[in-house]
1. Working only within the stretch 204-215, note down all residues that are open to solvent by 30 Å² or more (accessible area, probe 1.4 Å), part of a loop (DSSP other than H, G, I, E, B) and of a type outside the set (S, T, N, Q).
2. Taking residue 218 as meeting all but one of (1) open to solvent by 70 Å² or more (accessible area, probe 1.4 Å); (2) in contact with a Ser or Thr (Cβ under 7 Å, 6 or more places away or on another chain); (3) at pLDDT 90 or above; (4) hydroxyl-bearing (Ser, Thr, Tyr), write down the number of the exception.
3. For the stretch 43-65, give me each residue that is open to solvent by 10 Å² or more (accessible area, probe 1.4 Å) and closer than 19 Å to residue 304 by Cα.
4. Do we find a residue being touching a strand residue (DSSP E or B) at 6+ places or on another chain (Cβ under 8 Å), assigned to a helix (DSSP H, G or I), open to solvent by 40 Å² or more (accessible area, probe 1.4 Å) and at pLDDT below 75 anywhere in the stretch 241-259?
5. Are any residues in the stretch 133-150 more than 22 Å from residue 67 (Cα to Cα) and either of a type in the set (Phe, Trp, Tyr) or open to solvent by 30 Å² or more (accessible area, probe 1.4 Å) (or both), and if so, which ones?
6. Across the stretch 151-181, what is the total count of residues that are more than 14 Å from residue 287 (Cβ to Cβ), open to solvent by less than 60 Å² (accessible area, probe 1.4 Å) and within 14 Å of the chain's Cα centre (by Cα)?
7. On the given criteria, is residue 193 open to solvent by 20 Å² or more (accessible area, probe 1.4 Å) and among the aliphatic types (A, V, I, L, M)?
8. With the condition being more than 20 Å from the chain's Cα centre (by Cα) and touching a residue at least 40 places away in the same chain (Cβ under 8 Å), I'd like the helices (runs of 4 or more DSSP H) fully within the stretch 37-145 carrying at least 3 qualifying residues.
Amino acid sequence: MLNSKFVFHVGTLDQGFWPDGIYTPPTDEALQYDIKAHKEMGFNMIRKHVKVEMKRWYYHCDRLGILVWQDIPAVVKQHPQSSAGEFLDEAERIVKMLSFHPSIVLWTVYNEGWGQPSDELATAAITAKLRGIDPTRLINSLSGINFNAVKPNYDIGVGSSIDIHHYPEPGRVKYNDFRFSVAGEYGGISYYIKDHSWDFKRCHGYGPDVESADKLITAYQNYQNQVGGTYTCVCIYINHSIIIISNKYGHHVSFWFSFSFSFSFCSNLNSSFFFSEISEGDSYGISASVYTEITDVETECNGLLTYDRIFKVEARKIYNINKQLVDKYAERFQQTDTDTSTTDEHGLNRDPVTKESGLFELKFF
């Protein structure tokens, strides 16, 4: 909920890398650039991935108006017992230091099991500790439960959300009680642009490789349609169970429905063999999505922008796709944004960035 309204969070993974300063942006203009680029493309959320930015970045998020999901940085491997206290201390200090920024709406404790203890009680304990420090915000105890250090695909049952990572198509995991469901990482469409990559020989993505901006847009539209979208499926009764054969995009659909939901849904129809549309977003309580990623980094070319901040596609096309997704959920809750006094025709107060020249010239060749 935001200002007493349900808002679907549509965001990207933002690692905050820069060609010249690595973790340090060259200017204050650069610090704002990616935030403005998100808004230009219709994103309303940024997941700051395993990095704590300088406080001025959060000030700009507050000022420009965008939601932030903040990761607690951790090492890749499991923490030895001797460093568990240090991780908790750093997590506490990060939450206390940044808690004054209204743009931050969620804390992510662990990512894909990195640094996560194998004892599930430890994850529950640190979640409770951080909630005690900041009871006003959501907590994602583990982004990517399919990488749970306790046991893969195991939901410990703590925190505000249940989050799954899946590439390239967005994964779907059913909400649990009062915890919302998140397509935590997906996408990773790789589009290499000559003379705008750090190391083109090692440049890769987590999804399909495309060779044009149009193909990137097509693939992105496909994935956003699947985020809580409507699937056209063929269902067949076999021993009172359901087989999902394919969706309308021609991709295999993993069997995510609970038996009780699927059976009752199909049993209400008169035919045992039928075509129908079912909204997976409704049945799974999906409330947010995090696309990988906003910009290329050193050896990853799955950004919507290059490493030197050139737009790979027309921002307006991404904007329209994202707006369809946000509006779709707003309509389900019968909500409309009537305050457009300071917004454009699509209801967003956007400060466009310059797409033609990028932010700065590459200097690393």
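The values are calculated or read from the model by the stated rules, or taken from the named source; none is laboratory data. Treat the numbers as computed from the prediction; the structure is a model and nothing was measured. Methodologically, a virtual Cβ is constructed for each residue, glycine included, from the backbone with ideal geometry; neighbour enumeration extends over all protein chains shown. The area values use the complete protein model at the heavy-atom level, side chains included, leaving out ligands, DNA and RNA. Shrake-Rupley method; radii C 1.70, N 1.55, O 1.52, S 1.80 Å.
1. Listed by number, the residues that qualify are 206, 208, 211.
2. It fails just one condition, (2).
3. Answer for the stretch 43-65, where residues must be open to solvent by 10 Å² or more (accessible area, probe 1.4 Å) and closer than 19 Å to residue 304 by Cα: 44, 49.
4. Yes, some residue in the stretch 241-259 is touching a strand residue (DSSP E or B) at 6+ places or on another chain (Cβ under 8 Å), assigned to a helix (DSSP H, G or I), open to solvent by 40 Å² or more (accessible area, probe 1.4 Å) and at pLDDT below 75.
5. Narrowing the stretch 133-150 to residues more than 22 Å from residue 67 (Cα to Cα): 145-150.
Result: 146, 147, 150.
6. The total comes to 4.
7. Working: open to solvent by 20 Å² or more (accessible area, probe 1.4 Å): yes; among the aliphatic types (A, V, I, L, M): yes.
Yes; evaluated as a whole, the condition is true for this residue.
8. On the way: elements: 55-64, 81-98, 120-133.
Those helices (runs of 4 or more DSSP H) span 81-98.
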